[in-house]
1. Can you tally the lysine pairs in chain A where the Cα-Cα distance is under 24 Å and the two residues are eight or more apart, or on different chains?
2. Give the span of the protein assembly as shown's Cα atoms along each principal axis, as three whole-Å numbers ordered largest to smallest.
3. Ignoring ligands, DNA and RNA, what percent of the 1.4 Å accessible area of chain A is carbon and sulfur?
4. Give me the Kirkwood hydrodynamic radius of the range A:4-109, using the inverse of the mean 1/r over all pairs of distinct Cα atoms, in Å to one decimal.
5. Please name the residues of the range B:27-45 whose accessible area, counted over protein heavy atoms with a 1.4 angstrom probe, falls by no less than 50 Å² between the chain alone and the full protein assembly.
6. Roughly speaking, what is the stretch gain from B:I60 to B:L98, that is 0.36 nm per residue apart minus the C-alpha to C-alpha distance, in nm to one decimal?
7. Applying 1/(1 + (r/R0)^6) with R0 = 22 Å to the Cβ-Cβ distance of B:T86 and A:A24, what FRET efficiency is obtained, to the nearest 0.05?
8. Provide the gained length on full extension for the span B:T5 to B:L113, in nm with one decimal, where the gain is 0.36 nm per separating residue minus the Cα-Cα distance.
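The values are calculated or read from the model by the stated rules, or taken from the named source; none is laboratory data. Just so we're clear, the structure is a prediction, and the values are computed from it rather than from any experiment. Note: ideal-geometry Cβ built from the backbone for every residue, glycine included; neighbour counts use all protein chains shown. What goes into the accessible areas is simple: the full protein's heavy atoms, side chains included, and nothing from ligands, DNA or RNA. Shrake-Rupley method; radii C 1.70, N 1.55, O 1.52, S 1.80 Å.
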Amino acid sequence: QQQVKQSPQSLIVQKGGISIINCAYENTAFDYFPWYQQFPGKGPALLIAIRPDVSEKKEGRFTISFNKSAKQFSLHIMDSQPGDSATYFCAARRDYKLSFGAGTTVTVRA
Amino acid sequence: DVKVTQSSRYLVKRTGEKVFLECVQDMDHENMFWYRQDPGLGLRLIYFSYDVKMKEKGDIPEGYSVSREKKERFSLILESASTNQTSMYLCASRLTLLDGELFFGEGSRLTVL
């Protein structure tokens, strides 16, 4: 049973557009929420992360929005580029262990 | 740069064989992990080791065991491989329990016939 529910499963966006990926969780004991990016043939790599006492975090074109009361968080990719085409995983940490969402494959069309 | 190396990128085994997947990290990290990646299911934690010879079950430990005799090396063992263990296996390491970032290897794709 997935502890972190991620949607959509895949999305296609035009170059310059905004990609939005959503995640939801139930366990309020989660204390850290990272996003990982995975390119084909590679392992996932940390992209950006947020703690639950912060509502938004921005790093370049990537922004996490966090809604503690709704138990939801999302990744926004602004000005999407073809090089952003990858699979994105949200995750949540409890007791030093990470639980991952199912992943979203993002395709950016030039 | 942190490097997590999984020695076998692709393996093909037969049902009932014993399978060893090896993982080595070169950054003196305390914690190491084995995840399984399947389409539509994301990454699921099999086992976690927070120190040498210490291990903890993850969400899907059935059919797997692990060994961590040295700090830099974490092995995943399938005692008797089955077809439902065909998957991508990812090893990861983390500096300490208090750190957030996991560093992943490139994965070992196992096919069990």
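1. 17
2. Over the protein assembly as shown, Cα extents along the principal axes are 48, 36, 35 Å.
3. Carbon and sulfur together cover 48 percent of it.
4. Evaluated on the range A:4-109, it is 13.7 Å.
5. B:L43
6. Value of the extension gain: 11.3 nm.
7. Efficiency at R0 = 22 Å is approximately 0.15.
8. 36.4 nm
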